[in-house]
1. Enter the accessible area per residue of segment 50-131 (Å², integer; probe 1.4 Å; all protein chains in place).
2. So for each of 145-155, 52-62 I average, over its residues, the number of other beta carbons within 10 Å; can you give me the resulting order with the highest mean first?
3. Can you pull out the trypsin sites (Lys or Arg not before Pro) in segment 68-177 that DSSP calls coil and that have at most 16 other Cβ atoms within 10 Å?
4. How much net charge surrounds residue 33 when only the other residues with a Cβ under 13 Å from the Cβ of residue 33 are counted, with Lys and Arg +1 and Asp and Glu -1?
5. Tally Lys and Arg at +1 and Asp and Glu at -1 over the other residues with C-beta under 9 Å from the C-beta of residue 44: what net charge comes out?
6. How much length, in nm to one decimal, is gained on full extension between residue 173 and residue 159, taken as 0.36 nm per residue of separation minus their Cα-Cα distance?
7. With θ taken as phi - 60° and the coefficients 6.51, -1.76 and 1.60, list the Karplus ³J(HN,Hα) couplings across segment 49-63 in order, rounded to whole Hz; mark glycine and proline as x.
8. Can you work out ³J(HN,Hα) from phi for every residue in segment 103-120, in order, using Karplus 6.51 cos²θ - 1.76 cosθ + 1.60 and θ = phi - 60°, giving whole Hz and x for Gly and Pro?
Amino acid sequence: MATINLVRGMGSLFKECEHPESRWPRCPHEYKIRYRNAAGRQAEESGFSTQEKAKARLAEVYQTRKNNPQNQHKAERIQKYSPMQFEQYVTEWKAGQRDLSPSSLRHLDSLLVHHLYPAFQSRRMGTFDHKVVESFIQTMERNGVGLATQSNAFDKLKAILLDAHRLGLYDDNPLDGVKPPQYDPSAPSSPLPPNSMAYAPPATTCSVSSST
């Protein structure tokens, strides 16, 4: 399939037929166009009977995007952050958490190292959705992670993904519909039987398959 690329950033037009490009003006097949929309995602349109009509539509889309700086900035953010790996994104996000105390930073680092990085370290930021978050919670449950740790790990993941959502990486909030771990810090703990010794199980890590 041949493609005619226009001015950089404007898009391209093409035909999905067996005819060579030199015969396009005379063949009956319609033109299609491909471009980046205001959100920076690839879009296609079809139904153009002539090359001039296809080019006119591409020019219209290009001018609309160019004249809307807000959309252009959003597209640039998506282009930068969507393919970024989780660990790299978190490094930038952490740099902005200037109000955290040293003890809070140590707690955050512990959750990252033992739970969030094993699950998401190489996952691309643009691939998160509510299914991915639900799978993470279920994995912690299967691994016997305590409810308090589950809740803390979820809260940190929530803060990171909400930050990405505000940048415009997701059309839908990846946390919508997710049921968070049900931890109640005021609930009384189960009493230990007399003469028993408290046993703390070894720390477990969480792993969720990554999508690159």
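The values are calculated or read from the model by the stated rules, or taken from the named source; none is laboratory data. Model, not experiment: these values are computed from the prediction. Neighbour counts run over all protein chains shown; Cβ positions are idealised from the backbone, glycine included. Just the protein is used for accessible areas: all its heavy atoms, side chains included, with ligands, DNA and RNA removed. Shrake-Rupley method; radii C 1.70, N 1.55, O 1.52, S 1.80 Å.
1. On the way: 4910 Å² over 82 residues.
Value for segment 50-131: 60 Å² per residue.
2. Details: 145-155: 18.5, 52-62: 16.3.
Going by the mean number of other Cβ atoms within 10 Å, highest first, we get 145-155, 52-62.
3. On the way: sites: 74, 77, 80, 94, 98, 106, 123, 124, 131, 142, 156, 158, 166; in loops: 98, 123.
Passing sites in segment 68-177 are 98.
4. Numbers: positive: 15, 32, 34, 36, 53, 55, 57; negative: 16, 30, 44, 45, 52, 60.
Around residue 33, the surrounding residues sum to +1.
5. Values: positive: 32, 34; negative: 45.
The answer is +1.
6. Values: separation 14, 0.36 × 14 = 5.04 nm, distance 1.19 nm.
Gain in length upon complete extension: 3.8 nm.
7. With the stated coefficients, segment 49-63 comes to 6, 10, 5, 5, 5, 5, 5, 5, 5, 4, 5, 5, 4, 4, 5 Hz.
8. Here the 3J(HN,Hα) series is 5, 5, 5, 5, 5, 4, 4, 5, 5, 5, 5, 8, 10, 6, 5, x, 7, 10 Hz.
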